[in-house]
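For reference, the structure is listed below as structure tokens.
The values are calculated or read from the model by the stated rules, or taken from the named source; none is laboratory data. Predicted, not measured: the structure shown is a model, and the values here were computed from it. Positions of Cβ are backbone-derived with ideal geometry, glycine not excepted, and every protein chain shown enters the neighbour counts.
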Amino acid sequence: MPAKEKAAAPKDAIKQLVDALNEDLAREYQAIIAYTVYSNVLSGAQWMKIAGELQKHAAEELEHAMIIADQIDYLGGMPTATPKPVKTSGKAEDMIRFDLENETETIRNYRERVKQAEAIGHYALSEQLRKIISQEKDHQHDLATALGIDVPHVFEGGA
Ligand SMILES: [Fe+2]
Ligand SMILES: [Fe+2]
């Protein structure tokens, strides 16, 4: 294998990581918007507690977005300005379920990102990602509790 190709590999890995982090950032924007909207439209006594929790989630998702955007910049990328689409519904349960599905998807992605970061020796990033994952797991737990269901497993047969 020519030396040139070998030297190009880490660059590709960084590019792939930056692209993936931009997907994560778009997902964080989506979460900020969804939590902002949903926390305000949830009405009824049974949803009061979760509405308050969603407000806190929104603030935490903004912190995550800041961390991810900073890391993208550090890696030489340009942070995206576009959120993933936010689903809406007139039903409280639907909104909470959308949030729960997104959190599960987010955790799945961040676990993958930890592996990618460690593969290129970027341990500062993997450490940040692990902290974010632990908050996303709290979000997932709050949502599942509000729906009265078990916390979905991110991997089949796994945690
Ligand atoms: Fe987040
Ligand atoms: Fe979250």
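Structural remarks
- Qualifying residues in segment 134-148 (those that are within 16 Å of ligand 2 (Cβ to nearest atom) and surrounded by fewer than 19 Cβ atoms within 10 Å (Cβ to Cβ)) - the one nearest to E60 (Cα to Cα): Q135
- Test: R113 is under 30 Å from Q16 (Cα atoms), of a type in the set (D, E, K, R), within 16 Å of ligand 2 (Cβ to nearest atom) and in contact with a Leu (Cβ under 7 Å, 6 or more places away or on another chain): yes
- Selection status of E60, under 16 Å from A31 (Cβ atoms) and among the acidic types (D, E): yes
- Selection from segment 72-88 of residues that are at pLDDT 95 or above, farther than 13 Å from L125 by Cβ and of a type in the set (S, T, Y): T80, T82
- Selected residue (only one of M78, M95 is on the phi < 0 side of the Ramachandran plot, surrounded by 20 or more Cβ atoms within 10 Å (Cβ to Cβ) and not hydroxyl-bearing (S, T, Y)): M95
- Among the criteria (1) in contact (Cβ under 8 Å) with a residue 12 or more places away in the chain; (2) more than 14 Å from ligand 2 (Cβ to nearest atom), the one S89 does not fulfil is (1).
- For the criterion of being among the hydrophobic types (A, V, I, L, M, F, W, C), more than 28 Å from D94 (Cβ to Cβ), modelled with pLDDT under 95 and more than 12 Å from ligand 2 (Cβ to nearest atom), A69 fails.
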